[in-house]
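Structure, as structure tokens:
The values are calculated or read from the model by the stated rules, or taken from the named source; none is laboratory data. The shown structure was predicted, so the numbers you read here are calculated from the model rather than taken from an experiment. With ideal geometry, Cβ positions are generated from the backbone for all residues, glycine too; neighbour counts draw on all protein chains shown.
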Amino acid sequence: MEKVEEMERAWKIKYPKRNICIMRDHNWAFSAWEISRITHEIDMGAKVLHVDFHDDYCDPNEKIEDIKTKEEALKVGEELEIFEFIKAGKETGTIKDVYMIGDYKMPPGDVIHSYTYNQFENEHRKNFFQAEDQSYILDLDLDFFNLHAYHNIEKNFDNNPFRYSSEYIRKQLEAFKQYDDEGIWDLITVCISPEHCGGFETAQEILDIFIDFFNLKDEDYIYW
């Protein structure tokens, strides 16, 4: 696998046997979801758990038409901003219910929001997993594990190398991995977001922890 600093904006891979997609930039999550629906790996009206330092919940600039082919999914995904992919997925109907974990000052009003994983586990996990006729998507941005400065955050863009400890990150990943081991996630999308992780070096460290913890091997992935 390329190092984070070598990845182009369109860099993205998939572990087909695990249904895990990893991408540099988050707009490609839309493409991953749409392609997975087209290939019947997930059903229409999926439920997504978005774990991210940002809510990424903005309306697309352009109306999103029905996506019928992989090529269309890639084209539209490329044109989206990194904060438009969730609502774009809702426009196509691929995404129905959105749950979020993140310390947002003003959480979106039409999602189920938790400030921490513990809050999700205690208050919302049961409702999230109760449907038997929906697909489940974990959408994780690795910037969730960066220690962001909440004031003057623009000064920390691509320049905040402080992250949570490896032990803490592994502990947070533990529950997500457990659900993966149990076969609950139909699809996992992971965004690296190096600029929001504080730079290439910190993003590489967090990515390496994720790859190791989920026991992902280089020879198992494909580009898409």
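Here are the numbers for the structure shown:
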| quantity | calculated |
| --- | --- |
| Single unsatisfied condition, Gly77 versus (1) surrounded by 14 or more Cβ atoms within 10 Å (Cβ to Cβ); (2) out of contact with any Gly (no Cβ under 6 Å at 6 or more places or on another chain); (3) not in a helix (DSSP H, G or I) | (3) |
| Tabulated pairs, the stretch 43-62, first in a strand (DSSP E or B), second surrounded by fewer than 23 Cβ atoms within 10 Å (Cβ to Cβ) and of a type in the set (Phe, Trp, Tyr), C-beta under 6 angstrom, 6+ apart or interchain | Lys47/Tyr136; Leu49/Tyr99 |
| Pair list, Cβ under 9 Å, 6 or more apart: the stretch 209-224 residue at pLDDT 95 or above, other residue surrounded by fewer than 17 Cβ atoms within 10 Å (Cβ to Cβ) and among the β-branched types (Val, Ile, Thr) | none |
| Extreme residue, modelled with the lowest pLDDT, among residues of the stretch 98-116 that are of a type outside the set (A, V, I, L, M, F, W, C) and crowded, with 18+ Cβ neighbours inside 10 Å | Gly102 |
| Those residues of the stretch 18-30 which are closer than 21 Å to Asp180 by Cα and among the polar types (S, T, N, Q), in sequence order | Asn19 |
| Checking His196 against (1) crowded, with 20+ Cβ neighbours inside 10 Å; (2) assigned to a helix (DSSP H, G or I); (3) in contact with a helix residue (DSSP H, G or I) (Cβ under 7 Å, 6 or more places away or on another chain), the condition it does not meet | (2) |
